[in-house]
Amino acid sequence: MISNSLIAHKEPKSPASEAYRMIRTNLEYTSVDTEKKTILFTSSLEMEGKTTTLANVAITLAHSGSRVIIIDADLRKPRLFKLFQVKKYPGLTNYLVKDLPLSEVIQQETGIKDLNIISAGPIPPLASELVASQKMRLLLEELKKSYDYILIDSPPILSVTDAGIMAGRVDGTILCVAQGETHVDAAKTAVKSLQKVNANLLGAVMTKAERSSKGYYAYHYYEYEYEQNSGPKGWLQKLRFLKHRV
């Protein structure tokens, strides 16, 4: 049985599920001019809700009829296999290290139509080298042929180099920030780290928000609106303001 954290599947009519659908809608609009199939989810530090956010957004995309696959590329502390109650092995590590057919690591029985998953597999000693490999790049290109969206879970951007490596290779990146927990300086450093690798930062999702007085969960999606030559200041000021508005 899949985790209760997957509220978009467990309670599709709930206010929280509607909030995840709003994130899905924003993602779909970002692809109007330029196709964005590979999307990385990261955070500044651990325990900011990136994995749960990715999983629920993936569910809403699948519910809308898109073909979706999620990749657990957090090879340090993988969690997606627990959320969906699927096999941990074979997974991404097995595929990148061994000569396995792709079909052996794609799990189709997730309990959700049109949603597949590639688990992390065994934790490797040199995770950053694996995600930086040419085989990882070719894997994403191959998956683009069969899926509308490839959502990738990564370690926090400020903890290890893995997220930065992948952020420079995907079509877009979403930064998760935890309401009441993520410090503005950490968010600022995370944005600068993503800029250094020329990541296409699509926006930020505020997680762990308190219920409002009307019973709505306050999950928000913010588009990355500043012009390229203006630097991150404007976006960070918006993040600083909205972080305290709930």
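At-a-glance table
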| read-out | value |
| --- | --- |
| Three-way shape call for the stretch 77-150 based on the alpha-carbon gyration tensor, with the a/c threshold at 1.5 | oblate |
| Amide hydrogen neighbours beyond the local backbone of Thr207, cut-off 5 Å, H modeled | Val177, Ala178, Gln179 |
| Whether the stretch 12-116 is rounded, prolate or oblate, judged on the alpha carbon gyration tensor where a/c under 1.5 counts as rounded | prolate |
| Inter-centroid distance (Cα atoms) of the stretch 15-41 relative to the stretch 60-114, Å | 20 |
| Cα gyration tensor shape for the stretch 112-182, rounded if a/c is under 1.5, else prolate or oblate | oblate |
| With DNA, RNA and ligands ignored, accessible area of Thr161 (1.4 Å probe; Å², nearest 10) | 90 |
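The values are calculated or read from the model by the stated rules, or taken from the named source; none is laboratory data. This one's a predicted model, so the numbers in the text were calculated from it and none came from an experiment. Only protein heavy atoms, including side chains, enter the accessible area calculation; ligands, DNA and RNA are left aside. Shrake-Rupley method; radii C 1.70, N 1.55, O 1.52, S 1.80 Å.
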